[in-house]
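Worksheet for the structure shown next.
The values are calculated or read from the model by the stated rules, or taken from the named source; none is laboratory data. What you see is a predicted model, and the numbers here were worked out from it, not measured in a lab. Cβ: placed from backbone, ideal geometry, glycine included. Neighbour counts: every protein chain shown. Heads up: the accessible areas ignore ligands, DNA and RNA and are worked out on the full protein's heavy atoms, side chains in. Shrake-Rupley method; radii C 1.70, N 1.55, O 1.52, S 1.80 Å.
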Amino acid sequence: MKVIETCAEMAALCAAAQRPLGLVPTMGALHDGHLSLVRQARADNETLAASIFVNPSQFGPNEDFAKYPRSFERDLQLLEEEGADLVFAPPPEEVYPEGFDTWIEPGSVAEGMEGEARPGHFRGVATVVAKLFTITRPDRAYFGQKDGQQVAVIRKMNADLNLGVEVVTMPTMREPDGLALSSRNAYLTPDEREAAPAVYRALCAAEDVWRRGERDAGRIRRAAHNILGRETLVDAVDYVGIVDAETMRPLATTPEDRPVMIAVAVRVGAVRLIDNLVLE
Ligand code: PAF
């Protein structure tokens, strides 16, 4: 496994690598959710590339960039065990050199939910993913459904800009009590950790109402709010979104012929948790 710090060397090694090449972009602090992407990418491709880059441009000024969990040596060990060939781990100035001034501005898919709660977040995500795609020119790239709106933004950018990458989405990995795996779970205190599965229970309650025939988004949303409202350690509900699973357009009633995403973002203490379910 080679660890590469410069864009030029990564581009050269990827250009010379055996195809197909699968890319797993990450911000490190790897958990089983990431490893499910890595394993799928290993199974699908001749060359497995991963990136570890905590992307400063997708964090707002009051967000957790500085204290985002970092475990570089452990991440490398895990990637090596999973059979990665190339790991791109550039310093920030390699990705955003002095004078960097070109950004990808996603459209309406990035407007609601995370886009509204975290202004500029998807501009940073889309820009870094476009750069990673351009440097590595992957045949396939792997992302987790846990960041459902992020996947929709990346799919739309990939299609609109003819980047030609097969975007593979892998299911959300969960703890036995339903909490979606996330690097940020490490910030939860024991009490908060106990409260956090309320997010998944809220999603399941909303799904249950929908499965029993409810199509009014307001009433589906209320089922989720009822569960979240009962959990005293859930300090704030940023949103419960009922949206078209591809366009992220908010829905008043759920259609029969297109998948729908229910997405939740809450704050538990200092930790912001997001999760979603797709109803098909
Ligand atoms: O999901 C993440 O870890 C990041 O948003 C990504 C896709 C690696 C871009 O920085």
inquiry  = Using a Cα-Cα cut-off of under 12 Å, which aspartates and glutamates could be cross-linked to Lys146, ignoring same-chain neighbours fewer than 8 residues away?
reply    = Asp275
Over the range 38-89: Kirkwood hydrodynamic radius from C-alpha pairwise inverse distances, Å = 12.5 Å
Two-decimal ratio, the chain, of alpha-carbon radius of gyration to 2.2 N^0.38 Å = 1.01
message = Relative contact order for the chain: what percent, with Cα pairs under 8 Å and sequence separation of 6 or more?
response = 18 percent
remark   = So for R0 = 22 Å, FRET eff. of Ala11-Glu93 from the Cβ-Cβ r, to 0.05, ends up at 0.80
ask   = Rounded, prolate or oblate: which fits the range 1-62, taking a ≥ b ≥ c as square roots of the Cα gyration tensor eigenvalues, rounded meaning a/c under 1.5, else prolate when a/b beats b/c?
value = oblate
message = Which one, Gly83, Leu48, Pro250, projects farthest toward the positive side of the charge dipole computed for the chain from Cβ point charges (K/R +1, D/E -1)?
response = Pro250
note = With the convex hull built on the alpha-carbon atoms of the range 139-280, volume per residue in Å³ sits at 114 Å³
ask   = In the range 48-118, what trypsin sites (Lys or Arg not before Pro) fall in a loop by DSSP, with at most 10 other Cβ atoms inside 10 Å?
value = Lys67
ask   = Which whole-Hz ³J(HN,Hα) couplings does the range 169-183 yield from phi under the Karplus relation 6.51 cos²θ - 1.76 cosθ + 1.60, θ = phi - 60°, glycine and proline marked x?
value = 10, 10, x, 5, 8, 10, 5, x, 8, x, 4, 5, 5, 7, 4
inquiry  = Over the chain, with the other protein chains present, what is the accessible area per residue in square angstrom, probe 1.4 angstrom?
reply    = 47 Å²
query = Considering only the chain, what is the antiparallel percent among its DSSP beta bridges, to the nearest 5?
reply = 50 percent
query = How high is the relative contact order of the range 220-280, in percent, counting Cα pairs under 8 Å that sit 6 or more residues apart?
reply = 31 percent
Estimated dipole of the range 1-153 in Debye, rounded to 20 [Cβ of Lys and Arg +1, of Asp and Glu -1, Cα centre] = 260 debye
remark   = Diffing the range 272-278: the Karplus 3J(HN,Hα) column from phi (6.51, -1.76, 1.60, θ = phi - 60°), in whole Hz with x for Gly and Pro, holds 9, 10, 10, 6, 7, 10, 9
note = For the range 113-152, the dipole about the Cα centre with charges only on Cβ (Lys and Arg +1, Asp and Glu -1), to the nearest 20 debye, works out at 160 debye
key: 5 Å-binned pair-distance histogram of the range 186-261 (Cα, whole percent)   = 3, 16, 25, 21, 15, 10, 7, 3, 0
query = With charges only on Cβ, +1 for K and R and -1 for D and E, what is the dipole size of the chain about its Cα centre, in debye, rounded to 20?
reply = 520 debye
ask   = Can you give me the relative contact order of the range 53-177 as a percent, contacts being Cα pairs under 8 Å and 6 or more apart?
value = 26 percent
inquiry  = What is the ratio of the Cα radius of gyration of the range 9-137 to 2.2 N^0.38 Å, with N the residue count, to two decimals?
reply    = 1.09
query = Once the Cα gyration tensor of the range 71-115 is found, what semi-axes does its equivalent ellipsoid get, as square roots of 5 times the eigenvalues, in whole Å, sorted largest first?
reply = 30, 19, 10
